[in-house]
Amino acid sequence: MLLSGKGKHRRPSKATRIATLAGVTTAAVAVPLMGATGASAATTSEWDAVAQCESGGDWSINTGNGYYGGLQFSASTWAAYGGSAYASTANQASKSQQIAIAEKVLAGQGKGAWPSCGVGLSGASTGGAPAPSNSGNSGQSTSQSQQQSTKSSEERASRSQERSTAKKTVETPTGKKVKKGDGEYKVVKGDTLSEIAEKKNVKGGWAKLYKLNDDIVDDADFIFPGQQLHLS
């Protein structure tokens, strides 16, 4: 809550949820995973690589940018592909549950659902599942297939743009969007510029740190969890 002049915040603690393929999983988890082992299925190591690219490999992350979990699902995509059966948002589900839903997204939207991080996924084209064959159908069926393909491409492009924009900002406790930055230090709740400068031995103290990051920090007294500050 933004109540003090110091703007102290802490990123929510990460509740680690581990569900191994060999043991502690419920039947509800096992079924989607088994059902997703068709032509579109990617390997667990490939999903780990996507998660590392999307979220630093943090399967329970929620930075307030509108995307959740290791694979950065939006709430709408998570619900549309059945994720609500596990949790309201992806960051509250286990790794195996997130992968189960990701397989469905991969089958429906292709690698383009993860424009930058999904290029290494196997079993699907960049553009998603191919349009069904129209052999023996009328020209109207061909037109419908083309319309569906166009709509799918537009949806992927829109999602890509939204993800790109969201990754550049973080949300404050009041709901305001502020610039995220791309520095090497990630702000957590409780941080101030003075404390960070002292902890990281920044020459010039908080004033130098503020100057280094004046493109994203509007007021030296207010920094927010999720912002990434340059230290030099």
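Before moving on, here are some points about what is shown:
- Computed lengthening from Lys189 to Asp58, 0.36 nm per intervening residue step minus Cα-Cα distance: 45.4 nm
- Accessible area of Lys208 (1.4 Å probe, protein heavy atoms only, ligands and nucleic acids ignored): about 90 Å².
- Given R0 = 30 Å, the distance between the Cβ atoms of Ala207 and Lys177 translates into a calculated FRET efficiency of 0.70.
- The HN-Hα couplings worked out from phi for the stretch 47-61 by the Karplus form 6.51 cos²θ - 1.76 cosθ + 1.60 (θ = phi - 60°) are 5, 4, 5, 5, 4, 4, 6, 6, 9, x, x, 8, 6, 10, 7 Hz, whole numbers, x standing for Gly and Pro.
- Exposure rank, largest accessible area first [Asp219, Asp58; 1.4 Å]: Asp219, Asp58
- Over 24 Å between alpha carbons, listed pairs Lys186/Lys208; Lys186/Lys211; Lys95/Lys179; Lys104/Lys186; Lys95/Lys176: Lys95/Lys179; Lys104/Lys186; Lys95/Lys176
- Gln228 paired with Ser122, simple spin-label distance in nm, labels 7 Å along Cα-to-beta-carbon: 3.0 nm
- The order of Thr43, Thr63, Thr174 by accessible area, most exposed first and with a 1.4 Å probe, is Thr174, Thr43, Thr63.
- For the stretch 173-232: rounded, prolate or oblate by the Cα gyration tensor [a/c cutoff 1.5]: prolate
The values are calculated or read from the model by the stated rules, or taken from the named source; none is laboratory data. Keep in mind it's a predicted model, so treat the numbers as computed, not measured. Cβ atoms come from the backbone with ideal geometry, glycine included; neighbour counts cover every protein chain shown. Protein only, heavy atoms only, side chains kept; ligands, DNA and RNA dropped before computing areas. Shrake-Rupley method; radii C 1.70, N 1.55, O 1.52, S 1.80 Å.
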